[in-house]
Amino acid sequence: MAVFTRITQTELQEWLHGRDCGELLSFEGIESGIENTNYFVNTSTGRFVLTLFEKLKAEDLPFYLGLMQHLAKKGLAVPGPIPNAKGELFNPLNGKPATLVNCLSGKSVDRPNTAQCEQIGRFCAQAHLAVADFKGNTPNPRGLAWIESAMHELESHLPDQVRALLHNEVNHQKAVAERHAYKMLPKGAVHADLFRDNALMKGDALGGVIDFYFAGVDTFLFDLAVTANDWCIDVSNDGQSQGELQLDSLAALLKGYQDIRPLNNHECDLWQDMLRAAGLRFWTSRLYDYYMPRDAEVLNVKDPKHFERILVARRSGIPAIQHLNLGSA
């Protein structure tokens, strides 16, 4: 559990004053996340999630919270921010900008089945269509520019083999970004971090999608690739993965997506490159957290090797979308 900022009950009671969320009963730290401090907040009217932003600045938050509010108004199952008496979606708590959102029902799954993969694919497509009229324009905070900058910071820390692979893939992705097909990819505000632990399932139904604080404007295909790299991989009984895609899960996810929003020719052509880009993004961030950790009261640093294996597997090739049997998913 990562708890960077501790709060007292008195501080929280004062901060909640004026919000339409009832009387505070209790609160507890949430055992996940490495970027923000999160608490469950139990009140007389229900359960909420409090987030204190450790890295994000106040000027960045209107994009993230505005996107959540926009998607919620479009009918998607996402947490809606609870405004204070002034109508503000966030304000300082113990020196950090903080927000309160409603707590969605369901729980994350470790080994999603094909029906659950199809549901998350449908959500991705619905969200991509829903942002057509969203005005926010913040770029993906973990896009290629950040990756290249982080690579240079990590230079002296990395083993030779790791450094060589990182440089090679960054150069490949820079070349992809110059291609006409890439520049024609549809884009908009995307979640960009839709892992299994950021989705709540109720059986085979989707209860909601949470944690939009890595969202940004990027290609829809990159967002879908991030999701596929986590939802559609093989996971053994000990929780380890070699990063290989499970084709039945991938077909289900893509069927769910394309039932709502069919991929165009450019997207189909660049699918492997975007799966590689998604693997690179999370491998780089985990390398950064591993070699340059921040102080925290309790902090779980995730193993970079997991996404190194995913990236290596994607570089070796994947089946073309056209060759997947989407109709049987």
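The values are calculated or read from the model by the stated rules, or taken from the named source; none is laboratory data. Everything numeric in this text was worked out from a predicted model, so none of it was measured. Cβ coordinates were reconstructed from backbone atoms using ideal geometry, including for glycine residues, and neighbour counts include every protein chain displayed.
Listed here are the residues, each with its yes/no results for (1) assigned to a helix (DSSP H, G or I); (2) of a type outside the set (A, V, I, L, M); (3) closer than 20 Å to Glu88 by Cα; (4) in contact (Cβ under 8 Å) with a residue 24 or more places away in the chain.
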{"residue": "Arg6", "(1), (2), (3), (4)": "no, yes, no, yes"}
{"residue": "Thr10", "(1), (2), (3), (4)": "yes, yes, no, no"}
{"residue": "Trp15", "(1), (2), (3), (4)": "yes, yes, yes, yes"}
{"residue": "Asp20", "(1), (2), (3), (4)": "no, yes, yes, yes"}
{"residue": "Ser26", "(1), (2), (3), (4)": "no, yes, no, no"}
{"residue": "Asn38", "(1), (2), (3), (4)": "no, yes, yes, no"}
{"residue": "Thr51", "(1), (2), (3), (4)": "no, yes, yes, yes"}
{"residue": "Pro62", "(1), (2), (3), (4)": "yes, yes, yes, yes"}
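Going through Met201, Met184 one at a time, which residue ends up being in contact with a helix residue (DSSP H, G or I) (Cβ under 7 Å, 6 or more places away or on another chain), more than 21 Å from Glu267 (Cβ to Cβ) and either of a type in the set (A, V, I, L, M, F, W, C) or surrounded by fewer than 15 Cβ atoms within 10 Å (Cβ to Cβ) (or both)?
Working: Met184 fails: more than 21 Å from Glu267 (Cβ to Cβ).
Matching residue, one of Met201, Met184: Met201.
Checking the conditions here, which among Phe123, Phe134 is over 26 Å from Leu250 (Cα atoms), at pLDDT 95 or above and in the same structural domain as Ala205 (by TED's automatic domain parsing)?
Values: Phe123 fails: over 26 Å from Leu250 (Cα atoms).
Testing whether each residue is over 26 Å from Leu250 (Cα atoms), at pLDDT 95 or above and in the same structural domain as Ala205 (by TED's automatic domain parsing) leaves just Phe134.
Considering only strands (runs of 3 or more DSSP E) fully contained in segment 121-232, which possess at least 2 residues that are more than 15 Å from the chain's Cα centre (by Cα) and aliphatic (A, V, I, L, M)?
Values: elements: 187-190, 199-202, 205-209, 216-219.
Passing ranges, in order: 205-209.
Test Val109 against the criterion of being outside the structural domain of Tyr213 (by TED's automatic domain parsing) and β-branched (Val, Ile, Thr), and give yes or no.
Against the criterion (outside the structural domain of Tyr213 (by TED's automatic domain parsing) and β-branched (Val, Ile, Thr)), Val109 qualifies.
State which residue is surrounded by the fewest Cβ atoms within 10 Å (Cβ to Cβ) when the search covers only segment 266-304 and only residues that are modelled with pLDDT of 95 or more and among the polar types (S, T, N, Q).
Gln272
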